[in-house]
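Worksheet for the structure shown next.
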Amino acid sequence: MRQRTIKEKVRIEGIGIHTGERSRVVLHPSEENTGVLFYRNGTYIPVNPENVVGTFLSTDLGSGSEVVKTVEHLLATLHILKITNVVVEVIGGCEVPIMDGSAYAFYTKLKDLVVEQEEEIEPVEPSETFRVNFGEAWIEVSPSESFEVTYEGVFKGFVGNQSFTFRGNPEDVVLARTFCFDEDIELIKNKGLGKGGSLENTLVIGRNGVYNREGLRYEDEPARHKVLDLIGDLYLLGAPFKGRVVSHRGGHTLNYMLVREIYKRSKSGLWSLRG
């Protein structure tokens, strides 16, 4: 497949869900073979597993003293659109804006600006089936002719068990919002996180329903959001993924364990990450 970038600068501004700080991201078109880079205060942070510095409730990247938090929704959008070369400048706060809690704002801003470049890029493609485990959770990858992501969730309260499979249609996942359960809000706050969280950017789930006035966007919105997160975390590998991925109760930490294992295999020459 051809490498891709965007044809013009894109600016997006908003609040960080965990820091509560206002920030602006500016996505810059980039030359072939640049990859996806974050840029903050004079420091470039390449998107790869070696630069992951946090996976608790978000995926965070860092280099030296610079950190960019909550990159997963933007990375999911870049992955879905197969944008392989872009510099994401982060100005002000250190967190990618949460917007409405989904990837919709990023997707609508970028979807009509994608341009193909001359150079090719090889997708990340598993040559065998394998699984990573974390307690009762696991993720399995296997070869496939397409990109397919399934999430199997066991959630609290009325949500219950949910499963959703993404087969390439962006509209199936880009509107799914980040979520939390009402009983977990105090714990999140005690960890110093969620400072920018509100019903405007988070689906808050109670025992018998949701607190958000508009209700659920999809009947299985939590499972779809978990799929969105996984699509974003897989893009830490720096190239579109081609294969089948099934996650059972996974989250950012397990996603990172999977990505790290794939990255390790690539270093051993088993898989190629970039063409």
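Figures for the structure shown
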| quantity | calculated |
| --- | --- |
| Long-range neighbours under 8 Å by Cβ, at least six apart or interchain, first residue within 12 Å of HIS79 (Cβ to Cβ) within the stretch 224-246, second buried (at least 24 other Cβ atoms within 10 Å of the Cβ) and aromatic (Phe, Trp, Tyr) | VAL227/TYR151; LEU230/TYR151; PHE241/TYR235 |
| Selection count where residues are more than 23 Å from PRO97 (Cβ to Cβ) and in contact with a helix residue (DSSP H, G or I) (Cβ under 7 Å, 6 or more places away or on another chain), scope the stretch 184-217 | 1 |
| Residue within the stretch 25-46 that is touching a Phe, Trp or Tyr at 6+ places or on another chain (Cβ under 9 Å) and under 20 Å from GLU261 (Cβ atoms) present | yes |
| VAL52 vs. criteria crowded, with 18+ Cβ neighbours inside 10 Å, touching a residue at least 24 places away in the same chain (Cβ under 8 Å) and not small (Gly, Ala, Ser) | yes |
| Residue list for the stretch 107-132, filter: part of a strand (DSSP E or B), touching a Leu at 6+ places or on another chain (Cβ under 8 Å) and more than 14 Å from LEU81 (Cα to Cα) | VAL124, VAL132 |
| Residue in the stretch 153-162 that is under 11 Å from GLY243 (Cα atoms) and at pLDDT 95 or above present | no |
| Residue selected from the stretch 21-49 under the condition touching a Ser or Thr at 6+ places or on another chain (Cβ under 6 Å) and buried (at least 20 other Cβ atoms within 10 Å of the Cβ), by the criterion nearest to CYS94 (Cα to Cα) | ILE45 |
| Qualifying residue in the stretch 150-165 (condition: farther than 25 Å from MET257 by Cβ and among the acidic types (Asp, Glu)) | no |
| Count of the stretch 114-134 residues which are within 20 Å of the chain's Cα centre (by Cα) and under 21 Å from VAL88 (Cβ atoms) | 2 |
| Residues located in the stretch 23-68, provided they are small (Gly, Ala, Ser), under 22 Å from GLY196 (Cα atoms) and either assigned to a loop (DSSP other than H, G, I, E, B) or touching a helix residue (DSSP H, G or I) at 6+ places or on another chain (Cβ under 7 Å) (or both) | SER58, GLY62 |
| Search result, residues across the stretch 65-109 that are touching a strand residue (DSSP E or B) at 6+ places or on another chain (Cβ under 6 Å) and either modelled with pLDDT under 95 or on the phi > 0 side of the Ramachandran plot (or both) | THR70, LYS82, GLY92, MET99 |
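The values are calculated or read from the model by the stated rules, or taken from the named source; none is laboratory data. What you are looking at is a predicted structure, and each value in this text was computed from that prediction instead of being measured. All Cβ positions, even for glycine, are placed from backbone atoms using ideal geometry, and neighbour counts span all protein chains on display.
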